[in-house]
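The values are calculated or read from the model by the stated rules, or taken from the named source; none is laboratory data. Every value quoted in this text rests on a predicted model; they were computed, and no experiment measured them. We place every Cβ from the backbone using ideal geometry, glycine too, and count neighbours over all the protein chains shown. What goes into the accessible areas is simple: the full protein's heavy atoms, side chains included, and nothing from ligands, DNA or RNA. Shrake-Rupley method; radii C 1.70, N 1.55, O 1.52, S 1.80 Å.
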Amino acid sequence: MVSGSLECPVRGEMLSSVVPAKATGGNKDLELTSMDLAMKLHYIKGVYFFQPEAAQGLSIHDLKEPMFHCLELYYAASGRIRRSETGRPFIKCNDGGVRIVEAQCDKSVDEWLAMARNNDHMLAHDQVLGPDLGFSPLVFVQFTRFKCGGVSVGLSWAHVLGDAFSASNFLNLWGQIMAGKQVPLQPNSPAHNISQFPTSISRKPFSLKKVDPVGDYWLTPNNSKMVTHSFRITAKQLHYYITTYCIHDPNKISDFEIISAMIWHSLSKAREDSGPNIVTICSNNSADKMAMLPSNGMTLSTVEADFCVSKVEIGELAKLIAEKKMDENGLIGELIKGDEVRSDFIVYGANLTFVNLEGMNVYGIEMKGLKPVCVNYMMNGVGEEGTVVVLPSNENDGGNNGKMVTITLPQHLLLKLNNILQIDWNIVI
C-alpha cells in the first residue's frame, strides 16, 4: 500500500523560535564548499518515535530549553543564508535561531507505526529556503504529541548546512544536554572541509544534474508526483539474501550493498528493462562520524552497469556496487568552483540514488533514559530518478541489526516496485 489516509492525523501546529542561550557566532561568515552548494536544493527529514514512558511529565519548556544550550555549540544551525557580491551563497552566523513546531496527532504511537509507512514526513515540518533567504531558518524541530502520551521529534534540516550524519549528531547533542550529560564547553570552528578530493579526470560528474535556475527559492522543480514509502528488512532476511546470492564472497558484501542491488534489480524489472544503468552511491566520508559541527562530508560515487540489470544475478550486482564505484567528489569540486558556481543542481534523483546511513547513530538519543522505538530518515527535493535511504532499525538479532529502507519515487513506479519486492523478495511493505 502506498497511498495514506485521506484525513491528515497531524494538526494544530504552533511555531516559535529558539536562539543560542548566549551570543556565539560573532556574526562570522561561513563559506560554503562545492559539496554544500551541490546539495542546496535538498532537505533532510528525520523522525524519532518515543513511547509515553519516555515523554511522561515533559512539558514543551523541558523539550525546548536544552535547544538554547545546544545552539551555543552548534551555532551554524542558527545562521541564515546570504549572498556575496559575486552571488555565491554563504551562511551568516548571526544567531537567527531555529524554528520549533508543536503539533498533535489523533493516533497512538503504536497505531502510527502499524500503518503503511508513507506518512512519516508529516511529523517533520515541510521546509524550503526562500524566497526571503535572509529570513529562512536552516533547521526546524517538530514535537508531535500522540493521543497515547507518546511524542515524536521531527527534524527538518537544510542539506546545504550538512549531511544526515551532521543532522543526527545535532539531535544527539540536544538529547545529551536534556539528559544532563557533559558536553564540550566551547564550540569549535564549523567542520566545513574545503578539500574536495582532487582529480585529474576531465569530465562532468554523472551524479549531478543541472536544473533550471531557481533564484532565491530553493525548491527542486519536478514534473512527477513523488511519493515516499518505508519498510523494514530483518537481520534474518539480510543474512539469507547474502548467504544465498553472494555465496562466493559473502563476507565482502554489506547489508547496504545487497539491499541496493535488490532494489536496483527490481526497479529495472518494474521499468521493463529501460534502466537505470547508472546509479549514484552516497556514503559518509568523515573520519569522525560523531563530529559535533555540521559538514557535507559524504562521498558521491557512481556505478555503471553495461548489461541488462534485471537479467543479472543479485550477487553480481552487489559485487559491482561494492567494487566498481567511481568517486566523483573531485569532479563536483572542480565543476562548482568554476563557471558553474552560480548554477543550480540536484544530486538525489539525478540518478537513482542510494544513501548509506548504516553507520549513523540514530538510536544514540534518549529521553528520560529511554531510546526511540523507531527512527526514520528521508530526503526532500528528490528528482524523478528517485532515492533509497538505508539506515539501522531497532530490531536486533544476535547482535545484527535489521534495516529501515525509505524509497522516494514517482508514484506509478513505486507501486510497481513494491509489488515486485513483495513477490520476489518476500518483503512486507
Charge dipole magnitude, Cβ of K and R +1, D and E -1 - segment 1-139, Cα centre, debye nearest 20 | 580 debye
Put a dot 7 Å past each Cα toward the Cβ at residue 395 and residue 16; how far apart are the dots in nm?
-> 3.9 nm
At a probe size of 1.4 Å, how large is the accessible area of residue 11, to the nearest 10 Å²?
-> 120 Å²
Towards the positive end of the charge dipole of segment 1-128, with charges on Cβ (+1 Lys, Arg; -1 Asp, Glu), say which of 96, 118, 15 has the farthest Cα.
-> 96
Within the chain, what percent of beta bridges assigned by DSSP are antiparallel, to the nearest 5?
-> 80 percent
Subtracting the Cα-Cα distance from 0.36 nm times the residue separation, let me have the gained length for residue 412 to residue 203 in nm, one decimal.
-> 71.9 nm
Lys, Arg +1 and Asp, Glu -1 on Cβ, resulting dipole of segment 251-385 about Cα centre, debye, nearest 20 = 500 debye
Length released on extending from residue 88 to residue 251, taking residue separation times 0.36 nm less the Cα-Cα span = 54.1 nm
Highest to lowest packing among 385-392, 306-313, 205-212, scored as the average C-beta count within 10 Å | 385-392, 205-212, 306-313
Ignoring ligands, DNA and RNA, what percent of the accessible area of segment 252-351 is carbon or sulfur (1.4 Å)?
-> 44 percent
Fraction of accessible area attributable to carbon and sulfur, segment 10-179 (%, probe 1.4 Å) | 50 percent
Residues whose placed amide H lies under 5 Å from that of residue 298, excluding near-sequence neighbours | 285
Spin-label point model (7 Å from Cα, Cβ direction): what's the residue 31 to residue 62 distance in nm?
-> 4.5 nm
What number, in percent, do you get for the relative contact order of the chain if the mean sequence gap of Cα pairs under 8 Å and at least 6 apart is divided by its residue count?
-> 22 percent
Karplus couplings for segment 73-90 from phi (6.51 cos²θ - 1.76 cosθ + 1.60, θ = phi - 60°), rounded to Hz, Gly and Pro as x?
-> 8, 9, 5, 4, 5, 8, x, 9, 6, 10, 10, 6, 5, 7, x, 6, x, 8
Nearest-0.05 FRET efficiency for residue 422 and residue 216, computed from C-beta distance (R0 45 Å) = 0.55
Assuming R0 = 25 Å, can you tell me the calculated FRET efficiency for the pair residue 110 and residue 225, based on Cβ-Cβ distance, to the nearest 0.05?
-> 0.25
Give the shape of the chain as rounded, prolate or oblate, defined through the alpha-carbon gyration tensor: a ≥ b ≥ c are the square roots of its eigenvalues, a/c under 1.5 means rounded, and otherwise the shape is prolate if a/b is larger than b/c and oblate if not.
-> oblate
So the carbon and sulfur contribution to the accessible area of segment 353-395, 1.4 Å probe, in percent, is 46 percent
Sparse-neighbourhood loop sites, GluC sites (Glu not before Pro) in segment 20-101 - DSSP loop, at most 13 other Cβ within 10 angstrom = 85
Computed log₁₀ I(q)/I(0) - Debye formula, equal Cα scatterers, no solvent, segment 379-429, q 0.13, 0.14, 0.26, 0.31 Å⁻¹ | -0.40, -0.46, -1.05, -1.15
Counting DSSP beta bridges in segment 10-179, what percent are antiparallel, to the nearest 5?
-> 80 percent
How many Å² of accessible area per residue for the chain, probe 1.4 Å?
-> 42 Å²
